[in-house]
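Trainee: Below is one structure. I have some questions about it.
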Amino acid sequence: MASAILDMSFSPSFGNYWSLRPCRRLRACLSQESSIREPGEKQDKKILTGNTRTVTKDNFAIPNSQKTQLDGLPPLVTALKASAEQNAASFHFPGHNRGRAAPSSLTQLIGINPFLHDLPELPELDNLFSPEGPILDAQKEAAKLFGASETWFLVGGTTCGIQAAIMATCSPGDSLILPRNSHISVISAMVLSGAIPKYIVPEYDINWDIAGGSTSSQVEKAINELEMEGRKAAAVFVTSPTYHGICSNLSEISKLSHSHNIPMIVDEAHGAHLGFHPKLPNSALQQGADLSVQSTHKVLCSLTQSSMLHLSGNTVDRERICRCLQTLQSSSPSYLLLASLDAARAQLSENPEIIFNEAMELAVETKNLINKLPGISVLDFPSFSSFPAIDPLRITIGVWHLGLTGFEADEILSSDYDIVSELTGTRSITLAINLGTCREHVERLISGLKHLSTSFSESHGMKERVDDIECAPFDDISMSLSPREAFFVSKRRVSVEESLGKICGELICPYPPGIPVLIPGEVITERALNYLLRVKSKGAVISGAADPSLSSIVVCNA
């Protein structure tokens, strides 16, 4: 903390947690009624208006909402700007001291400004765990824009928000209904919360080697199966949209979940932009989600690692969410990340009805041009016809008819045309269209794809490549231990041949997209091993395994 004056009073926002934060009332009294000055020196003139204090000599200001509106800047951006402009004698962290000791190698790369604004939780910048000033104002503005009852800013990415959402709804031993192709953050959330997974096996397209979303019938089946076992789900977790943009019918799932008094959590990492254009699918909150976690940095324009957690209604205890976030979030949050969330919200607020017009037009034009190229496909209906929509700003391009893997096509586009895709797979590459996408880059993409189309043909082995996948790699899962039990049990490493039939002790997945093929506690199957070895041979990076070469696997001693 930058201040030596601490308030150890009970903080009701966090239940039985004690709050260690600057005592604002005492500090305000000290700042208004006394100052350190030499005998005979006149006190600086101060202008006090509510929570705003301006010291003319030191150019120091703590903005309130009125000043923010006058300046036309978002509340947290305004506060950070004012604090960075102080002529302060800094005796606080971080060690670069407002850029004075910034590493030259990094300032040559990004300049000095990021260091000037890399400030700690100074009094005027508010407290992320107990916001009362600009952070609270910024979160309220975000809640209003996204249609939430309450919004929390996250500096640990959507991973942190997913963990908090599951911990806020599930206690040890509770059942959590979730798709088996959930992100790895959900697995860590079950380790932290002690929740027991009730998996839904997603729809799977063999040609694309892509898994889809969740359906209401799958959720209903899972609820009924749990009831037959004398158990009730503590929450239903849905990923929508998926990394490839496949959207589930959240309205149906939320109605079903709520009819059983079960909250619905949505991993909406790839959908912070949804609902902000007539041709975009509705957002999770618009479709009845109780909790939605969004990566504001993916399609919207905040800095990487910054996300938002949205709450709707009172089904989920907001005090428990606060306690979970205090447990999971850093006590030294980056104000650059926080301010970027505020700025991204403000950017979207300026023209929410038309801000995506150009991006949508470019996406439609790009798809139309790609569809004219022989041997190249664009993911659309009737693939995954069980789902209501595919995000128009996510373009997945199939190249298997050219006899290429996605990894091979991506390498050619990268090396020959400087095209960087978002995601590569065994049969496809996925592109993200966003507010920064420009026509020149689209033209370069089309040129690169034309090169692929004319240079390769399906005589290179399309049939072989299609037939070597029989079904989803997690179609026959068998769980012997919960993720939490498997996390803490003793383990050993065995060869990949010896691992067959044993209980997996590590989380193994091709990354991106970070969808696990083997999860701690599951029995290792031949199908899963074959899938992992095959995608690795085609260029996928295996994440989570102690031995990325997959010559050995960690198993549980159970």
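We did not get these values from a lab; they are worked out from the coordinates using the rules stated. Note that the coordinates shown come from a computational prediction; the quantities given were computed from them, not determined experimentally. Backbone-built Cβ (ideal geometry, glycine too); neighbour counts: all protein chains shown.
Trainee: How high is the FRET efficiency from T315 to C438, r the C-beta distance, R0 35 Å, rounded to 0.05?
Mentor: On the way: r = 43 Å, r/R0 = 1.22.
It comes out at approximately 0.25.
Trainee: Same structure, new question: With no solvent and one point per C-alpha, what does the Debye sum give as log10 I(q)/I(0) for segment 188-279 at q = 0.16 Å⁻¹?
Mentor: -0.74
Trainee: Ranked highest first by the average count of other Cβ atoms within 10 Å around their residues, in what order do 251-264, 331-344 fall?
Mentor: My ranking of the peptides, most packed first, is 331-344, 251-264.
Trainee: A further question follows. How far apart, in nm, are the 7 Å Cα→Cβ label points at K140 and Q108?
Mentor: 4.7 nm
Trainee: Right, here's the next one. For F488 and K255 in one chain, what is 0.36 nm times their gap in residues minus the Cα-Cα distance, to one decimal in nm? Display every interim value, and only then the final one.
Mentor: Details: separation 233, 0.36 × 233 = 83.88 nm, distance 3.68 nm.
Stretched fully, the F488-K255 segment lengthens by 80.2 nm.
Trainee: Report the label-to-label distance for D380 and S217 in nanometres (one decimal), using points 7 Å from each Cα along the Cα→Cβ vector.
Mentor: Going from the D380 label point to the S217 one covers 2.6 nm.
Trainee: With every atom except the alpha carbons ignored, what do you get for Rg and Dmax of segment 134-351, in angstroms?
Mentor: 16.5, 51
Trainee: Something else about it: Run through all the Cα pairs of segment 92-191 and give the fraction in each 10 Å bin from 0, expressed as whole percent.
Mentor: Final binned percentages: 12, 27, 28, 24, 8, 0.
Trainee: Could the peptides 76-85, 127-136 be put in order, highest first, of the mean number of other beta-carbon atoms found within 10 Å of their residues?
Mentor: Numbers: 76-85: 23.1, 127-136: 20.9.
Ranked from most to least packed, the peptides come out as 76-85, 127-136.
Trainee: Percent of Cα-Cα pairs per 5 Å bin, from 0 to the last occupied bin, for segment 264-381, please list those.
Mentor: Going out from 0 Å in 5 Å bins, segment 264-381 shows 2, 10, 15, 18, 19, 14, 9, 6, 4, 2, 1, 0 percent.
Trainee: Another question about this same structure. Over the alpha carbons of segment 356-458, what is the largest minus smallest coordinate on each principal axis, giving the biggest first in Å?
Mentor: In descending order, the Cα extents are 34, 34, 22 Å.
Trainee: So for each of 98-104, 504-510 I average, over its residues, the number of other beta carbons within 10 Å; can you give me the resulting order with the highest mean first?
Mentor: Values: 98-104: 13.6, 504-510: 24.7.
Highest to lowest by the protection proxy: 504-510, 98-104.
Trainee: Once label points are set 7 Å from the Cα along Cα→Cβ at both T327 and R231, what is their separation, rounded to one decimal in nm?
Mentor: Placing both labels 7 Å along Cα→Cβ, they lie 2.0 nm apart.
Trainee: Run the numbers for V364 and S415: contour at 0.36 nm per residue of separation, minus the present Cα-Cα distance, in nm.
Mentor: Numbers: separation 51, 0.36 × 51 = 18.36 nm, distance 2.60 nm.
Taking 0.36 nm per residue and subtracting the Cα distance, the gain is 15.8 nm.
Trainee: For F93 and H451, compute 0.36 nm times the residue count separating them, minus their Cα-Cα distance, and round to one decimal in nm.
Mentor: Numbers: separation 358, 0.36 × 358 = 128.88 nm, distance 5.30 nm.
Working it through step by step, the gained length comes to 123.6 nm.
Trainee: If you average 1/r over every pair of different alpha-carbon atoms in segment 483-556 and take one over that average, what Kirkwood value in Å do you get?
Mentor: On the way: mean 1/r = 0.0836 Å⁻¹.
One over the average 1/r among Cα pairs gives 12.0 Å for segment 483-556.
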